[in-house]
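First up is the structure itself, then whatever we jot down about it.
No value in this document is a laboratory result; all are computed from the given coordinates. Owing to the predicted nature of the structure, the values given are computational and were not obtained by experimental measurement. Methodologically, a virtual Cβ is constructed for each residue, glycine included, from the backbone with ideal geometry; neighbour enumeration extends over all protein chains shown.
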Amino acid sequence: MSNELIPQNHAEYGEIISIIERARENAFRAVNRELISMYWEIGNYVSDKIKRDGWGKSVVKDFSQYIQSQFLGIRGFSPQNIWRMKQFYETYCDNAKLSTLSREISWSNNVHIMMGAKNDEAREFYLLLAQKNNYTARELERQMDSRLFERTMISDEKNKLFIAKSPGLVALRNNYVLEFLDIPASHKEAELRKAIISNLRDFILEFGKDFSLVG
């Protein structure tokens, strides 16, 4: 019989699990960057063809069908998505910083940001938000539908006032949006804490995935 001891709770395997998870995440990010880079190059190609050779809807549709005939079962090359690739390239081609950030998030999130953000400042805000919190398309859409960027810009000074008056909350970042607490500007710290507890679910959602409640 073997004398080796097998861990009863498998806790000793935790480090290996972490290694596997990191490798899988790195692989996913690498594949995603390549996908976004491919969409960028196709968008560049189509944009140039439209300007130089007068490509229109019928040519793009034919182009889409040709790609799909060459790679049976391939997804993501509908005429609508090819037009989005063109828009993607033209949106970021003159902004190296944002074009680099765009490769760190999924295509679905890039589409949401292209369609919903009105300027480069808003695009950068949501690109960083999606990257930092690893948002799904639905989670990012929720934040954009709530006009998080606009509310953050408007409420920045208000948030600084909240933090200054509440030493116990110094860990709050300026861009956490707390209007949903519905408390008066001249509040007491006890009122702020009570409002946070009463609205805990929304409060945690404003913090994002990196938030943990301790104690």
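Which net charge results for the neighbourhood of Arg29, defined as the other residues with beta-carbon distances under 14 angstrom from its beta-carbon, given Lys and Arg at +1 and Asp and Glu at -1? Mind dumping the intermediate values first?
Details: positive: Arg22, Arg24, Arg33, Arg103, Lys132; negative: Glu21, Glu25, Glu34, Glu104.
Charge balance in the 14 Å sphere: +1.
Which FRET efficiency value, to the nearest 0.05, do you get for Arg147 and Asn26 by plugging their Cβ-Cβ distance into 1/(1 + (r/R0)^6) with R0 = 25 Å?
Values: r = 34 Å, r/R0 = 1.35.
The calculated FRET efficiency here is 0.15.
Under the √(5λ) rule applied to the eigenvalues of the Cα gyration tensor, what semi-axes describe the equivalent ellipsoid of region 13-93? Give them in Å, descending. Spell out each step's value before the answer.
Values: eigenvalues 239, 46, 11 Å².
Rounded to whole Å, the semi-axes are 35, 15, 8.
Within 10 Å, count the other beta carbons around each residue, average over each peptide in 99-109, 68-78, and list them highest first.
On the way: 99-109: 19.2, 68-78: 10.8.
Highest to lowest by the protection proxy: 99-109, 68-78.
Say each of Ile17 and Tyr66 gets a label point 7 Å from the Cα, pointing the same way as Cα to Cβ; how far apart are those two points in nm?
Modelled inter-label distance: 5.1 nm.
With Cβ to Cβ distances under 15 Å as the rule, what net charge do the other residues near Asp53 carry (K, R +1; D, E -1)?
So the surrounding residues net to +3.
Mind ordering 135-143, 15-23, 122-130 by average Cβ neighbours within 10 Å, highest first?
Details: 135-143: 16.8, 15-23: 10.0, 122-130: 20.9.
Per-residue mean Cβ counts within 10 Å order the peptides as 122-130, 135-143, 15-23.
Using θ = phi - 60° and the Karplus form 6.51 cos²θ - 1.76 cosθ + 1.60, what ³J(HN,Hα) does each residue of region 19-25 get, whole Hz, x for Gly and Pro?
Along region 19-25, the couplings run 4, 4, 5, 5, 5, 5, 5 Hz.
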